[in-house]
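Below is one structure, written out as structure tokens; comments come after it.
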Amino acid sequence: MTGSGKGCDILNAQSADQVQISNAPKGWLAEFRQPPLKYRPIPFWSWNETMEPDEVRRQCRIIHDAGWGGAFVHARVGLRTPYLGQKWFEACAAAVDECSKLGIKVWLYDEEGWPSGISGGSVPLADESFRHKVLFARPINAQAPERSVPVGGPQNGLQVYHWTSPLGSWRFNGTCYADLLSRDAMAKFIDDAYASYHRHFASEYGQTIVAQFLDEPCAVVHVLVPAGAVAYTDCLFDAFIEDHGYDVRPHLHLPFRTAQTRRVFACITPALSVGYSK
């Protein structure tokens with residue numbers, strides 16, 4: 001039976017689709033069913049207990065057998081093996097070696113927990129000047145939080161302060177967040193969080209080790225600082241003078257949404273880019 005009705009049009013369309021599939025590049029369907037390594041999922045592999053090399057190797061084999069392309073070595077809450085200590089790198093060596101044998105990839109991570117920037121706490125512990133800092137303002141009759149240091153005198157009923165994070169935060173292994181605007185602090189971070197891995201596994205970079213992941217670095221962790229704070233670092237005022245030709249400190253009392261504050265933020269952003277990213 002022949003005809004040109006709607007049913008025949010559907011059949012013709014189905015036939016055309018079958019022709020397109022049959023004419024697809026050779027191996028396309030096979031790759032879809034069995035994706036190459038570069039297209040496979042790479043999960044976060046939470047390391048949150050005592051990381052024994054034999055157990056690490058066993059889990060690598062499970063990752064491979066599940067069809068994943070590798071994993072991110074991700075230190076998390078509960079980790080019992082000292083982060084970046086000898087036992088840590090023994091476990092990492094087991095992961096890199098076993099994944100190399102299995103033909104899957106390893107991604108490293110630059111932190112214990114998150115956000116990136118403290119290397120498990122070694123950065124803020126190395127020097128008080130490496131700790132998270134902010135500026136904020138309060139009315140002159142209001143009590144400022146502990147550790148607040150006045151910046152200049154009161155202006156128009158406001159006093160500006162700078163404040164440095166104390167140690168002791170459960171979020172940061174009993175330490176605090178770091179000053180990501182400080183080049184000296186970030187030099188310490190790079191050495192601890194990046195160069196330490198390269199010293200152990202230099203020959204595997206670009207081979208089994210693909211890259212190193214970072215997570216949510218920021219200028220201010222707002223939930224841990226006085227309300228209304230903006231990022232601060234020791235060189236901020238000098239950077240402002242260099243960029244704008246005058247000292248901003250006499251003007252810091254102005255409301256944060258004035259042109260003065262926008263200029264302060266304009267100095268904070270490149271300080272974060274240079275201090276952390278470079």
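The values are calculated or read from the model by the stated rules, or taken from the named source; none is laboratory data. All values reported here derive from a predicted model rather than from experimental measurement. Because the Cβ atoms are built from the backbone with ideal geometry, glycine has one as well, and the counts that use them run over all protein chains shown.
Summary table below
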{"read-out": "Matching residues, the stretch 162-197, being touching a residue at least 24 places away in the same chain (Cβ under 8 Å) and aromatic (Phe, Trp, Tyr)", "value": "Trp163, Phe172, Tyr177, Phe189, Tyr194, Tyr197"}
{"read-out": "Candidates Ser100, Ser122, Ser116 - the one that is in contact (Cβ under 8 Å) with a residue 60 or more places away in the chain, assigned to a loop (DSSP other than H, G, I, E, B) and closer than 25 Å to Thr50 by Cβ", "value": "Ser116"}
{"read-out": "Selection count where residues are aliphatic (A, V, I, L, M) and assigned to a strand (DSSP E or B), scope the stretch 194-218", "value": "3"}
{"read-out": "Which numbered condition Ala94 fails, given (1) of a type outside the set (S, T, N, Q); (2) closer than 17 Å to Met186 by Cβ; (3) without any contact (Cβ under 8 Å) to a residue 60 or more places away in the chain", "value": "(2)"}
{"read-out": "Matching option when the condition is more than 17 Å from Ala219 (Cα to Cα) and either of a type in the set (S, T, N, Q) or surrounded by 22 or more Cβ atoms within 10 Å (Cβ to Cβ) (or both), among Ser116, Ser122", "value": "Ser122"}
{"read-out": "Residue within the stretch 67-79 that is under 22 Å from the mean Cα position of the chain (by Cα) and over 26 Å from Ile190 (Cβ atoms) present", "value": "yes"}
{"read-out": "Among the candidates Leu167, Leu79, Leu135, residue that is within 18 Å of Pro226 (Cβ to Cβ), touching a Phe, Trp or Tyr at 6+ places or on another chain (Cβ under 8 Å) and either at pLDDT below 95 or part of a loop (DSSP other than H, G, I, E, B) (or both)", "value": "Leu135"}
{"read-out": "The stretch 131-153 residues that are on the phi < 0 side of the Ramachandran plot, paired with ones that are of a type in the set (Asp, Glu) and buried (at least 17 other Cβ atoms within 10 Å of the Cβ) (beta carbon under 9 Å, 6 or more apart)", "value": "Arg131/Asp179; His132/Asp179; Lys133/Asp179"}
{"read-out": "Residue check for Phe201: touching a residue at least 60 places away in the same chain (Cβ under 8 Å) and either under 29 Å from Ala71 (Cβ atoms) or acidic (Asp, Glu) (or both)", "value": "yes"}
{"read-out": "Residue tally, condition in contact with a Leu (Cβ under 8 Å, 6 or more places away or on another chain), in a loop (DSSP other than H, G, I, E, B) and at pLDDT 90 or above, over the stretch 138-164", "value": "1"}
{"read-out": "First in the stretch 215-238 and buried (at least 16 other Cβ atoms within 10 Å of the Cβ), second anywhere and part of a helix (DSSP H, G or I) and of a type in the set (Ser, Thr, Tyr), Cβ under 6 Å, 6 or more apart", "value": "Pro217/Tyr276"}
{"read-out": "Given (1) in contact with a Cys (Cβ under 9 Å, 6 or more places away or on another chain); (2) modelled with pLDDT of 95 or more; (3) within 30 Å of Arg249 (Cα to Cα), index of the condition Arg183 fails", "value": "(2)"}
{"read-out": "Matching residues, the stretch 59-85, being among the basic types (Lys, Arg) and closer than 13 Å to Glu98 by Cα", "value": "Arg61"}
{"read-out": "Test: Ala93 is hydrophobic (A, V, I, L, M, F, W, C) and closer than 14 Å to Ser196 by Cα", "value": "yes"}
{"read-out": "Among (1) in contact with a strand residue (DSSP E or B) (Cβ under 6 Å, 6 or more places away or on another chain); (2) surrounded by fewer than 21 Cβ atoms within 10 Å (Cβ to Cβ) - the single one Glu146 does not satisfy", "value": "(1)"}
